[in-house]
1. If you check SER67 against the conditions, is it closer than 25 Å to ARG116 by Cα, modelled with pLDDT of 85 or more, within 16 Å of the chain's Cα centre (by Cα) and exposed (fewer than 15 other Cβ atoms within 10 Å of the Cβ)?
2. ARG74: assigned to a helix (DSSP H, G or I) and modelled with pLDDT of 80 or more, yes or no?
3. Please enumerate the residues belonging to region 90-145 that are of a type in the set (S, T, N, Q), in a helix (DSSP H, G or I) and over 22 Å from the mean Cα position of the chain (by Cα).
4. Of (1) in a helix (DSSP H, G or I); (2) of a type in the set (Gly, Ala, Ser); (3) closer than 13 Å to LEU139 by Cα, ALA60 satisfies all except one. Which?
5. Since LEU38 meets every condition but one in (1) in a loop (DSSP other than H, G, I, E, B); (2) free of Cβ contacts under 8 Å to residues at least 24 places away in the same chain; (3) out of contact with any helix residue (DSSP H, G or I) (no Cβ under 9 Å at 6 or more places or on another chain), which condition does it not meet?
6. Step by step: first the residues of region 80-89, then only those that are within 13 Å of TRP138 (Cβ to Cβ) and assigned to a loop (DSSP other than H, G, I, E, B), then the one that is modelled with the highest pLDDT. Which residue is that?
7. Could you please find all residues in region 12-60 being β-branched (Val, Ile, Thr) and modelled with pLDDT of 65 or more?
8. Of the residues in region 119-136, how many are within 16 Å of ARG80 (Cα to Cα) and surrounded by fewer than 14 Cβ atoms within 10 Å (Cβ to Cβ)?
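The values are calculated or read from the model by the stated rules, or taken from the named source; none is laboratory data. All figures in this text were calculated on a predicted structure; none of them were measured in a lab. All Cβ positions, even for glycine, are placed from backbone atoms using ideal geometry, and neighbour counts span all protein chains on display.
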Amino acid sequence: MNDPTSGLIDIIEPVRPMLVATSYSAWWLVLALVALGLWMRWRWRGVRACRKRLQQLRQACAAGHVSQHTAAYRLASELRLGLQLQQLNADLPPPALPVAEHPGWAEAIARLDTLRYQAGAGLEEGEWMRLCNQVDIWLKRAGRC
């Protein structure tokens, strides 16, 4: 019965390994998808936090809890961090910003600089909201937010 020539070897198929060399690519694909999902979740969490801070800044400024001077510094900080810039420069728009929006960039940064560095400067409520909305759009399109 233990004789290898008894014929049983021909009837029973050999057991195949669980992981064949060709299935490793499937595991790498699953691992890559999981990593992509984790990266997207991390990035989305940063997006939500940034957008939440901008919304809180708008509400605080509208309610009068924060002056436009202080809010302009915070808005500039969010813009700088969101676009990953060392410094906000009206003459040098970020590379991720579309070329069509470069004139708007120069105007918005000039307004922010005026609010930050000129004593007693202020914007009307509508202009302030437009500036905040424009910063929000830029952060969504070109930045991490």
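1. Numbers: closer than 25 Å to ARG116 by Cα: yes; modelled with pLDDT of 85 or more: yes; within 16 Å of the chain's Cα centre (by Cα): no; exposed (fewer than 15 other Cβ atoms within 10 Å of the Cβ): yes.
No.
2. For ARG74, the condition - assigned to a helix (DSSP H, G or I) and modelled with pLDDT of 80 or more - is met.
3. Within region 90-145, just THR114 meets the criteria.
4. Just one mismatch for ALA60, condition (3).
5. (1)
6. LEU88
7. Here is the first cut: in region 12-60, the residues β-branched (Val, Ile, Thr) are 12, 15, 20, 22, 30, 34, 47.
Scanning region 12-60 gives ILE12, VAL15, VAL30, VAL34.
8. Residues of region 119-136 within 16 Å of ARG80 (Cα to Cα): 131-136.
When the remaining residues are screened for being surrounded by fewer than 14 Cβ atoms within 10 Å (Cβ to Cβ), the result is 133.
Residues meeting the conditions: 1.
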